[in-house]
Amino acid sequence: MSTFLGLIKEIPGISVDRFDGENLTSSVFFLSHCHLDHMQGLSDLFFVHIDEHKKYLYCSPITKTLLKNRFKFKNCCVKEVNVNTSIVIEYTVQDGTEILISVIPVSAGHCPGSVMFIFERNDISILYTGDFRINPEDFSKLKGLHYYEDSKLLPRTFTKIYLDTTFLSNDFPVFPTRQESLVKICEVTNEWLDKDPRNVVILECSATYGSEFLFVELSKMLNMKIHVRNDVYESYCCIAQLSYYVTNDPYSTPIHGCKRKISSLGLHCRSDVSNANIMTIIPSVMKWRNKDTSVVGEWDKVKERTFNVCYSTHSSLNELKVFIQYFNTLEIHPCVIKTEEETEVYHLLDSIKSKTEQVAVKKTYKLKLPNRKISKKIPFKSECFSSDDDSF
């Protein structure tokens, strides 16, 4: 849950992922992705405000499409930005100063349309990650985060990184890759569906949006569409990269991502399915706090026919360490920090930063991941999505 207040203090006049209070005095707005904790203050009135004051909100094309399904606004108020494409924005702040900045969106690998933003002004270079998870082995594929020198691709150096610290905690040192989690989900699903033609699977996801990568890749692996609620389906239908893999017809597929987490037992969209024919799969990280994630998935010890899978769209502690070391950044602003976890977060950041100088000298950006084998029978995409496709 983002606790970032929206203002980039090094560059006046811009607000990112926060649209209320002091942020309303900003001249330019940016939205990294369409999750509610990054949309505080967004409303029809907000868009009336920026239209009246000739201000603009910048986001990816997919994020703009999702915004259109939630709010009313003039098309010109929201400007699309494409990944790895630098744009120059000129604006005037409240005291009359004219400011010129360069902005580069970079794929964040979190959800449809999610991007990181690079903001540059004079000798200041800021990276705002929003929510992100990129396989460290794929860092070099993110063109916007690198530059060429003597024909060599080198990581950029940033003045500061505003970092997604959701799982910057010793409780979450490593996660399985999303591919490993998906393979496990696919294996368990196939086994259950093969037992009885009446069997169905519920994917119990924690939020309305955010599981799109899981739905798409699982649909490809199983060659079955995922049933989602009508309101979700209407949004997904507007996005070509999603529409093919989901359905609003509950009887056309045995895979259901339509259930609200807090709803009662059973499959509400179909009356012909008994509880004995339902298996629930819960892709979650919180259930794995202080557990051995090399297990990837296990049957729930309390709930019948329930399989828990360690699945995350945010970076683990180890992945965050490598990210910080790779970009050799000494100043970091944590964008997700609870009061009770503040001491641990800053202690970990200090520890990582103290080691970053040594790593920078040795040039060793090696992530130590658990040694696990993945079945080669099931194809899957790279953990880092194509830099030419901002769909996720």
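The values are calculated or read from the model by the stated rules, or taken from the named source; none is laboratory data. The model shown is predicted, which means the values in this text are computed figures rather than measured ones. All Cβ positions, even for glycine, are placed from backbone atoms using ideal geometry, and neighbour counts span all protein chains on display. All accessible areas refer to the heavy atoms of the entire protein, side chains included, with ligands and DNA or RNA removed. Shrake-Rupley method; radii C 1.70, N 1.55, O 1.52, S 1.80 Å.
For the reader, a short list of remarks on this structure follows.
- When residues of the range 147-183 are limited to those that are of a type outside the set (D, E, K, R) and within 19 Å of residue 123 (Cβ to Cβ), the one nearest to the chain's Cα centre (by Cα): 162
- Pairs linking a residue in the range 25-49 that is without any contact (Cβ under 8 Å) to a residue 40 or more places away in the chain to a residue that is among the small types (Gly, Ala, Ser) and in a helix (DSSP H, G or I), with Cβ atoms under 8 Å and 6 or more positions apart or on different chains, are 41/21.
- Here residue 60 fulfils each of the conditions (1) of a type in the set (Ser, Thr, Tyr); (2) closer than 27 Å to residue 237 by Cβ; (3) more than 18 Å from the chain's Cα centre (by Cα) apart from (3).
- The selection criterion, being touching a Ser or Thr at 6+ places or on another chain (Cβ under 9 Å), free of Cβ contacts under 8 Å to residues at least 24 places away in the same chain and within 26 Å of residue 333 (Cα to Cα), holds for residue 88.
- Within the range 226-252, being crowded, with 18+ Cβ neighbours inside 10 Å, closer than 19 Å to residue 182 by Cβ and not aromatic (Phe, Trp, Tyr) holds for 226, 227, 228, 242, 246.
- Scanning the range 118-138 for residues that are of a type outside the set (A, V, I, L, M, F, W, C) and either in contact with a Gly (Cβ under 8 Å, 6 or more places away or on another chain) or in a loop (DSSP other than H, G, I, E, B) (or both) returns 122, 123, 129, 130, 131, 133, 135.
- Any hit, the range 139-160, residues being charged (D, E, K, R), closer than 22 Å to residue 116 by Cα, open to solvent by 10 Å² or more (accessible area, probe 1.4 Å) and in a helix (DSSP H, G or I): yes
- Considering the range 5-106, the qualifying strands (runs of 3 or more DSSP E), each wholly inside and each with 1 or more residues that are farther than 26 Å from residue 338 by Cα and open to solvent by less than 30 Å² (accessible area, probe 1.4 Å), run over 28-30, 56-59, 78-80, 87-92.
- For the range 280-335, the candidate set comprises residues that are in a helix (DSSP H, G or I) and of a type in the set (Ser, Thr, Tyr); within that set, the residue that is most open to solvent (accessible area, probe 1.4 Å) is 294.
- Residues that are among the hydroxyl-bearing types (Ser, Thr, Tyr) and more than 18 Å from residue 319 (Cβ to Cβ), drawn from the range 147-172: 147, 148, 151, 157, 159
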